[in-house]
1. Sum -39500 (n - 2.57) across every DSSP H segment of at least 4 residues in the chain, then divide by the residue count to get the 222 nm mean residue ellipticity, nearest 500.
2. Could you give P(r) for segment 9-205, binned at 5 Å from zero, as whole percent values over all Cα-Cα pairs?
3. List the longest stretch of the chain that has no exposed loop site; here a site is one of the GluC sites (Glu not before Pro) assigned by DSSP to anything other than H, G, I, E or B, with at most 14 other Cβ within 10 Å.
4. Over the chain, with a Gaussian network built from C-alpha contacts below 10 Å, which listed residue (113, 79, 61) shows the highest mean-square fluctuation?
5. For a quick check: sort 51, 127 by the number of other beta carbons within 10 angstrom, fewest at the front.
6. What FRET efficiency comes out for the pair residue 115/residue 49, r = Cβ-Cβ distance, R0 = 35 Å, nearest 0.05?
7. Could you calculate, for segment 51-160, the ratio of the Cα radius of gyration to the Kirkwood radius, expressed as Rg to Rh?
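Laboratory data are not the source of any read-out in this text; all were calculated from the coordinates shown. Since this is a predicted model, take the numbers as computed values, not measurements. Here Cβ is always computed from backbone atoms with ideal geometry, including for glycine, and neighbour counts include all displayed protein chains.
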Amino acid sequence: MNNKIDFSVYLVTDRNALKGKDLLASLEEAIAGGVGMVQLREKDMSSLEFYNMAIKVKELTDRHDIPLIINDRIDIALTVGAAGVHLGQKDIPMAEARKILGDEKIIGISARTIKEAKLAEKQGASYLGVGAMFPTSTKEDTVSVSLDLLKEIKRSVNIPVVGIGGINLENIEKLEGTGIDGVAVVSAILSANDVKKAAQELKKNLVK
Ligand code: TZP
Ligand code: MG
């Protein structure tokens with residue numbers, strides 16, 4: 001595994017965004033286009049389906065030597081040997097997750113305030129996901145985060161920060177000046193007709 005994690009274009013999965021395409025084939029293409037990290041996030045799978053998919057995605061991310069992050073499920077992350085987990089504010093507390101996973105695993109946390117960001121860092125988070133930066137139909141009930149707040153959150157912590165939510169090729173340049181380490185994206189890549197090209201273009205247009 002790479003020692004240095006590349007957060008620049010971080011692909012979060014959602015089969016519903018695929019428009020009939022195959023998830024594994026799309027992940028192959030996305031990685032060929034420059035995605036440096038994958039989070040398996042499938043909210044409507046049974047535990048068994050999610051586990052089986054995690055095994056397959058892990059084989060793929062290992063082949064490309066990039067980290068696999070599992071959304072929510074510490075048990076499945078440990079079982080498949082994933083690089084880490086991504087947790088929300090309503091999931092198992094960060095400090096408990098760190099106790100279970102140990103110091104080596106990546107633990108990402110969603111944060112929308114400076115308070116949440118600082119606490120997550122203090123409790124051992126590896127990176128923060130901040131959003132929703134722009135309107136998105138991928139996740140319901142998102143609360144929007146302003147560009148100024150994203151910038152302030154990035155300044156308030158020393159761990160990597162990625163923006164998430166509605167980020168696409170049309171709006172990615174608005175993130176300029178926020179200092180973020182990357183963008184976490186679902187539909188801008190997975191719903192694209194040319195997944196590889198979509199990843200390449202996002203990477204090319206990524207600004208700090
Ligand atoms: N968390 C905040 S917004 C979001 C998640 C998982 C969905 C991002 O999906 P998209 O398609 O990139 O807007
Ligand atoms: Mg969660």
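1. Values: 8 runs with 76 residues, N = 208.
It lands at -10500 deg cm²/dmol.
2. In order of increasing distance, the bins hold 1, 8, 17, 20, 22, 18, 10, 3, 0 percent.
3. On the way: sites that count: 104, 140, 170, 176.
It runs 1-103.
4. Maximum among the listed residues: 79.
5. Values: 51 16, 127 26.
Fewest-to-most Cβ neighbours within 10 Å comes out as 51, 127.
6. Values: r = 36 Å, r/R0 = 1.03.
With a Förster radius of 35 Å, E is 0.45.
7. Working: Rg = 14.6 Å, Rh = 14.7 Å.
On the Cα set of segment 51-160, Rg over Rh gives 0.99.
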